[in-house]
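In what follows, a structure is listed as structure tokens, so that the remarks can point back to it.
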Amino acid sequence: MPLYDKFDQKIPRPALSDAPNIETAMRDLLNGVVAQTVLIFEQAADRAATMSGASAPVVGTLTFLRDSKRYELWDGTTWKRVVPQSASGTTNVSFTNRDDHVVSVTFPQAFSSVPRVFVNISSSAGVTGRWSVRAYDETVSGFKLFLYAWQPGNFATWSGVPITWHAVL
């Protein structure tokens with residue numbers, strides 16, 4: 001009858017009273033340790049194919065998916081991203097004689113659900129100080145920037161003004 005580790009993680013180790021069997025002892029030890037490390041898979045489909053039946057995940061199983069470069073944790077029902085998904089960037093905006101302007105932005109990689117998006121005019125040069133920006137029409141693949149003058153009819157011309165954005169789940 002095996003004994004278990006001192007951290008109560010249920011990792012078996014052989015007892016002196018056990019019949020000698022190095023193969024069984026090492027298999028049980030290895031399976032106990034590997035189940036509690038980060039398991040690495042190429043993609044979620046590979047993980048699903050491997051982690052079923054006797055190898056099904058248990059609450060707390062941690063995996064890393066190479067294709068999406070992310071860690072996921074099994075909560076007993078579903079795989080949850082360990083680190084929030086995020087993306088950020090800068091969009092340079094140019095227009096002529098406008099008091100509002102819309103720009104579509106596409107995320108470098110689609111999100112698993114619609115993220116929160118934060119935007120900022122990264123300049124106060126010239127007329128940009130009298131303008132605001134907000135994000136709207138957010139989707140998993142992008143959003144729209146709405147730039148507008150504080151006072152309607154306050155027409156301006158922009159050339160390559162940077163608008164920074166950050167999206168996070």
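Computed over every Cα-Cα pair of the stretch 34-169 and binned at 10 Å starting from 0, the pair-distance distribution P(r) comes out as 11, 32, 21, 15, 12, 7, 1 percent. Accessible surface computed residue by residue for the chain, with neighbouring protein chains in place and a 1.4 Å probe, gives 64 Å² per residue. The distance linking the stretch 99-154 with the stretch 4-34 is 58 Å (Cα centroid to Cα centroid, whole angstrom). Cross-link partners among lysines for Lys69, C-alpha distance below 24 Å, same-chain residues fewer than 8 apart left out? Candidates past the 8-residue exclusion: Lys80.
Kirkwood radius, the stretch 93-169, all distinct C-alpha pairs, inverse of mean reciprocal distance: 13.0 Å. Relative to the longest principal axis of the Cα atoms of the chain, the long axis of helix 22-34 makes an angle of roughly 20 degrees.
Measuring only protein heavy atoms, the 1.4 Å probe finds Arg66 accessible over about 120 Å².
For the stretch 11-99, the mean projected area of the C-alpha convex hull, equal to one quarter of the hull surface, is 9.9 nm². FRET efficiency for the Ala44 to Thr164 pair, using the beta carbon distance and R₀ = 30 Å, is estimated at 0.45.
Suppose a student asked you for the relative contact order of the stretch 53-148, using Cα pairs under 8 Å spaced at least 6 residues apart; what percent would you report? The partial results should precede the final answer.
On the way: 128 pairs, mean separation 20.2, N = 96.
It comes to 21 percent, rounded to a whole number.
Only Cα pairs under 8 Å and 6+ residues apart enter the sum, and on that basis the relative contact order of the stretch 11-111 stands at 16 percent.
The values are calculated or read from the model by the stated rules, or taken from the named source; none is laboratory data. All of these numbers come straight from a predicted model, not from anything done at the bench. Note that each Cβ is placed from the backbone with ideal geometry, even for glycine, and that neighbours are counted across all protein chains shown. Accessible surface areas use protein heavy atoms only, side chains included; no ligands, DNA or RNA. Shrake-Rupley method; radii C 1.70, N 1.55, O 1.52, S 1.80 Å.
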